[in-house]
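The values are calculated or read from the model by the stated rules, or taken from the named source; none is laboratory data. Everything numeric in this text was worked out from a predicted model, so none of it was measured. Quick reminder, even Gly has a Cβ in these numbers, built from the backbone with ideal geometry, and neighbours come from all protein chains shown. To get the accessible areas, we keep the full protein, side chains included, count just its heavy atoms, and leave off ligands, DNA and RNA. Shrake-Rupley method; radii C 1.70, N 1.55, O 1.52, S 1.80 Å.
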Amino acid sequence: MKRRTLLKTIAMTVPTVGLSKLYGKNLLSNTLASLALEEPFKPTWSSLAHYQVPDWFRDAKFGMWAHWGPQCQPEYGDWYARGMYQEGSDQYKYHCEKYGHPSKFGFKDVIHEWKAENWNPEELVALYKKAGAKYFMALANHHDNFDLYQSKYQPWNSTKVGPRKDLIGGWAKAAKHKGLPFGVSVHASHAWSWYEVAQRSDSTGQYQGIPYDGNLTRQNGAGKWWNGLDPQDLYAQNHSLSENSKENRGIFKQWEWGNGVAMPSPAYFENFYNRTIELIDRYSPELIYFDDTALPLWPVSDAGLRIAAHLYNKSIKEHGQLRAVIYGKVLDEQQRKCMVWDIERGQSNKIEVLPWQTDTCIGGWHYDRRIYDRNQYKTAKTIIHMLVDVVSKNGNLLLNIPVRGDGTIDEKERAVVEDIASWMNVNSEAIYKTRPWKIFGEGPAIESAAPLSAQGFNEGKGKPYTAEDIRYTTKGKTLYATMLGWPLGNEAKIKKLALNAGVGRIEKITMLGYADSLNYKQTIDGLSIQLPQQTPGKEAFVFKVEGAII
């Protein structure tokens, strides 16, 4: 019995080839057959706590994301399908001017206009792989409740409305062709309260008191383009409003399904569960990003727990080991053992014991033409500095490049991706398959680092990086020290590699992208390195340090 229990535990993470050598082929086959029936992961936090982050993910370090759906069609920023119903807001005014009043032209009609006519997933995924991405993620649905895949549980999906294409199917196929693990992001659990704004009406003016389209039903569709569809399958508003629903920011206090939120129905819970299980079973993603505190609908439903257990068990069954990754936000200590902690638009300020991930974007999450017009995209330098910092602390970086409504990225975004590719082509040795050193870095930016707020949101709030800011990673007996700027003189100084800093004697130092070894001097005050006359790049500079130093 003890041997079988041991097999059950390690079967979650160890390839079956290794197990057969340890325990014998017949015993292994019988045990795994039994495990296949009983499924090792149960839908409880205690069971999910047996999760181990797979090495492939820890080695990958960098992924890219297409956070793309119908809210990109207006090209007017994040949460458009909510903002357009908030009377007097910037998005409401834009919507009235471009499309018409939301009592006449709602978000369902924006979806109808969206065609994704120039979408080429093969070309975009190839570009992201060139930039160094080791996994790729696509939006499967957002808070707008529109599924971007073939679904028998959600008639409002991209194969039947709007593009009339299986977008997740196309992304998954492209990722497979490029050899990248494929992931999906799922955000639809909050549609119940998020869409409550669609029940409103204007308080003044020509349309005062005329309801927006959030209360329409199938019976209202006669003679309309959406005849036969029920808008309530999209808006999910056949319920009373949450407390303080008219406060536009009140939803943030209710994100964890408390503080007076209108409680979803059991049918809503099960519909979300069925849609997500269908997504997993049809497209076999290896990664799932949930835009929720912990898991979807927790703690008012166990749907998220059941989904997580299903994904983990399916991964073991298909691969002989657990390769799946789930991301969750604002996790407690136990929950961090069950999945990968995700920090939105922010970074940890220390080396984390368990692997984690930062997710960020070079602009807005949904495409916003105003950011393009104002030249406000993050630069490749900013992204590379973020990647280097995150990896030094045992994390990964997931980067979104906003996609236009037609399915393309603009030339300014493409230039950023190409610049990232150029840097990674030279320096990725210091990123992939590395692990943190005993400290993550040194320099003035550490002292000014901002604390996390809610699910993240501390990026860009500290001092800019300079040549004094160094970040460390290791691989075997090699230490990589990445300098996040170029000093004014021809010498770099690294204090933490001084002779009296608990490190051994250095044998050789090179700079990635520069052919010759570098001259250096290691003293009790620090390590001084003579730099080449020409910089091998422009964003960050990697010293490869070899010797008995780790």
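Scanning segment 355-398 for residues that are touching a Lys or Arg at 6+ places or on another chain (Cβ under 9 Å) and either in a strand (DSSP E or B) or acidic (Asp, Glu) (or both) gives Trp356, Thr358, Asp359, Thr360, Cys361, Asp389, Gly395, Asn396, Leu397.
Among the residues of segment 128-174, those that are open to solvent by 10 Å² or more (accessible area, probe 1.4 Å) and not basic (Lys, Arg) comprise Gln150, Tyr153, Pro155, Thr159, Pro163, Asp166, Gly169, Gly170, Ala172. Of the residues in segment 312-325, at least one is in a strand (DSSP E or B), closer than 23 Å to Leu139 by Cβ and either at pLDDT 95 or above or open to solvent by 10 Å² or more (accessible area, probe 1.4 Å) (or both).
Hey, among Val300, Val261, which residue is β-branched (Val, Ile, Thr), in a loop (DSSP other than H, G, I, E, B) and surrounded by fewer than 17 Cβ atoms within 10 Å (Cβ to Cβ)? When all the criteria are applied, what remains is Val300. Within segment 194-216, the set of residues being open to solvent by 10 Å² or more (accessible area, probe 1.4 Å) and either part of a helix (DSSP H, G or I) or small (Gly, Ala, Ser) (or both) comprises Gln199, Ser201, Ser203, Gly205, Gly209, Asn215. Against the list (1) in a loop (DSSP other than H, G, I, E, B); (2) at pLDDT 80 or above; (3) at negative phi, the condition Lys508 fails is (1).
So, of the residues in segment 406-419 that are assigned to a helix (DSSP H, G or I) and not β-branched (Val, Ile, Thr), which turns out to be most open to solvent (accessible area, probe 1.4 Å)? Out of the qualifying residues, it is Glu411. In segment 219-237, the residue that is farthest from the chain's Cα centre (by Cα) out of those that are at negative phi and assigned to a loop (DSSP other than H, G, I, E, B) is Ala222. Checking each residue in segment 441-458 for being in contact with a strand residue (DSSP E or B) (Cβ under 7 Å, 6 or more places away or on another chain) and part of a loop (DSSP other than H, G, I, E, B) picks out Gly443, Leu452, Gln455, Phe457.
Here is a yes/no grid of residues against (1) at pLDDT 50 or above; (2) among the β-branched types (Val, Ile, Thr); (3) over 30 Å from Thr159 (Cβ atoms):
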| site | (1), (2), (3) |
| --- | --- |
| Ile10 | no, yes, yes |
| Thr31 | yes, yes, yes |
| Thr44 | yes, yes, yes |
| His50 | yes, no, yes |
| Arg58 | yes, no, yes |
| Lys61 | yes, no, yes |
| Ser89 | yes, no, yes |
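May I ask you to verify whether Gly456 is surrounded by fewer than 22 Cβ atoms within 10 Å (Cβ to Cβ), closer than 27 Å to Val542 by Cβ and within 17 Å of the chain's Cα centre (by Cα)? Criteria met by Gly456.
The condition (being assigned to a helix (DSSP H, G or I), open to solvent by less than 40 Å² (accessible area, probe 1.4 Å) and either farther than 24 Å from Arg345 by Cβ or of a type in the set (Ser, Thr, Tyr) (or both)) is satisfied by just one residue among Ser422, Ser428: Ser428. Taken together, Ala294, Ala236, Ala303 contain a single residue that is of a type in the set (Gly, Ala, Ser) and farther than 23 Å from Trp79 by Cα, which is Ala303. For segment 342-361, the set of residues classified as open to solvent by 40 Å² or more (accessible area, probe 1.4 Å) and either without any contact (Cβ under 8 Å) to a residue 24 or more places away in the chain or of a type in the set (Val, Ile, Thr) (or both) consists of Ile351, Val353, listed by residue number. Just one residue in the set Thr482, Thr535, Thr466 is in contact (Cβ under 8 Å) with a residue 60 or more places away in the chain, polar (S, T, N, Q) and either exposed (fewer than 15 other Cβ atoms within 10 Å of the Cβ) or not in a loop (DSSP other than H, G, I, E, B) (or both); that residue is Thr482.
Mind checking whether some residue in segment 505-524 is closer than 19 Å to Val391 by Cβ, touching a helix residue (DSSP H, G or I) at 6+ places or on another chain (Cβ under 8 Å) and open to solvent by 10 Å² or more (accessible area, probe 1.4 Å)? Looking for residues that are closer than 19 Å to Val391 by Cβ, touching a helix residue (DSSP H, G or I) at 6+ places or on another chain (Cβ under 8 Å) and open to solvent by 10 Å² or more (accessible area, probe 1.4 Å), one finds at least one in segment 505-524, hence yes.
Scanning segment 469-479 for residues that are in contact (Cβ under 8 Å) with a residue 60 or more places away in the chain and either surrounded by fewer than 16 Cβ atoms within 10 Å (Cβ to Cβ) or polar (S, T, N, Q) (or both) yields Thr473, Thr474, Lys477, Thr478.
Only one entry in Ala172, Ala140, Ala133 is in a strand (DSSP E or B), under 26 Å from Ile383 (Cβ atoms) and at pLDDT 95 or above, namely Ala140. In this structure, does Arg282 turn out to be in a helix (DSSP H, G or I), out of contact with any helix residue (DSSP H, G or I) (no Cβ under 7 Å at 6 or more places or on another chain) and under 30 Å from Val417 (Cβ atoms)? Yes, satisfied.
A quick yes/no check of all residues on (1) of a type in the set (Phe, Trp, Tyr); (2) farther than 23 Å from Asp410 by Cβ; (3) open to solvent by 40 Å² or more (accessible area, probe 1.4 Å); (4) touching a residue at least 60 places away in the same chain (Cβ under 8 Å):
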residue: Ala81; (1), (2), (3), (4): no, no, no, yes
residue: Glu87; (1), (2), (3), (4): no, yes, yes, yes
residue: Tyr92; (1), (2), (3), (4): yes, yes, no, no
residue: Gly100; (1), (2), (3), (4): no, yes, no, no
residue: Ser103; (1), (2), (3), (4): no, yes, no, yes
residue: Gly106; (1), (2), (3), (4): no, yes, no, yes
residue: Lys115; (1), (2), (3), (4): no, no, yes, yes
residue: Asn118; (1), (2), (3), (4): no, no, yes, yes
residue: Glu122; (1), (2), (3), (4): no, no, yes, no
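Beta carbons closer than 7 Å, at least 6 apart along the sequence or on distinct chains, pair a first residue in segment 362-389 that is on the phi < 0 side of the Ramachandran plot with a second that is open to solvent by less than 10 Å² (accessible area, probe 1.4 Å) and acidic (Asp, Glu) for Ile362/Glu413; Tyr372/Asp410; Tyr377/Glu413. Determine, yes or no, whether Ser240 is open to solvent by 40 Å² or more (accessible area, probe 1.4 Å), assigned to a loop (DSSP other than H, G, I, E, B) and polar (S, T, N, Q). So Ser240 passes the test.
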